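J.: Have a look at this one before I ask anything.
The values are calculated or read from the model by the stated rules, or taken from the named source; none is laboratory data. Computed from a predicted structure; not experimentally measured. Note that we place each Cβ from the backbone using ideal geometry, even for glycine, and neighbour counts take in every protein chain shown.
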Amino acid sequence: MNLKQIAKDTAKTLQRYLTYQAIKTVLAQLSQTNPPLWRWLNNFSADKIQDGEALIEQLFQEKPELALRIMSVRENIAEEVAEFLPEMLCTGIQQANMQHRRQHLERITQLNLSNPSLETEQKTNPDPNLDIPSD
């Protein structure tokens with residue numbers, strides 16, 4: 001397991017997601033303040049949203065002020081989120097793991113109880129290796 005590579009991949013994925021969130025934020029702002037520009041950016045970004053870095057590069061060619069705005073918003077979001085992200089990530093994974101374990105335990109215990117022949121057999125002779133004399 002290459003932890004350094006995992007960290008790089010995670011950071012890249014997070015960067016893409018924060019770029020997406022920055023574009024959504026700018027679009028929400030523009031929808032209130034400049035509907036024609038909102039429409040233009042919405043159409044421009046619609047098929048490019050998967051690769052935020054390429055979108056920003058292309059945006060610099062068309063409307064550099066929007067590219068700068070998106071980068072500023074993305075940086076601000078990153079700074080705000082970075083403060084509590086590690087704790088939230090670890091807590092989220094621990095809670096999800098606990099939920100999966102709980103569901104698994106419920107499934108396997110329901111499976112045993114749903115087979116009445118096993119339950120009856122266990123009641124009449126709890127340990128098949130133990131020979132209990134009958135009266």
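J.: Among the candidates Q122, Q99, which residue alone is polar (S, T, N, Q), out of contact with any Leu (no Cβ under 8 Å at 6 or more places or on another chain) and at pLDDT 95 or above?
T.: Q99
J.: Can you go through A7, A54 and tell me which one is more than 19 Å from S72 (Cβ to Cβ) and exposed (fewer than 14 other Cβ atoms within 10 Å of the Cβ)?
T.: None of the others qualify; the one that does is A7.
J.: Filter the stretch 1-56 for residues that are more than 13 Å from I70 (Cβ to Cβ) and hydroxyl-bearing (S, T, Y) and give the result.
T.: The answer is T10, T13, Y17, S31, T33.
J.: Check I23 against each of (1) more than 15 Å from A78 (Cα to Cα); (2) surrounded by 13 or more Cβ atoms within 10 Å (Cβ to Cβ) and name the one condition it does not meet.
T.: So I23 meets the others, but not (1).
J.: E79 passes all but one of (1) modelled with pLDDT of 90 or more; (2) surrounded by 10 or more Cβ atoms within 10 Å (Cβ to Cβ); which number fails?
T.: Here E79 clears every test but (2).
J.: Restricting to the stretch 26-40, name every residue that is surrounded by 10 or more Cβ atoms within 10 Å (Cβ to Cβ) and over 26 Å from the mean Cα position of the chain (by Cα).
T.: Listed by number, the residues that qualify are L30, S31, N34, P35, L37, W38, R39, W40.
J.: Which residues, taken from the stretch 49-71, are closer than 21 Å to T10 by Cα and without any contact (Cβ under 8 Å) to a residue 40 or more places away in the chain?
T.: Within the stretch 49-71, I49, Q50, D51, G52, E53, A54, L55, I56 qualify.
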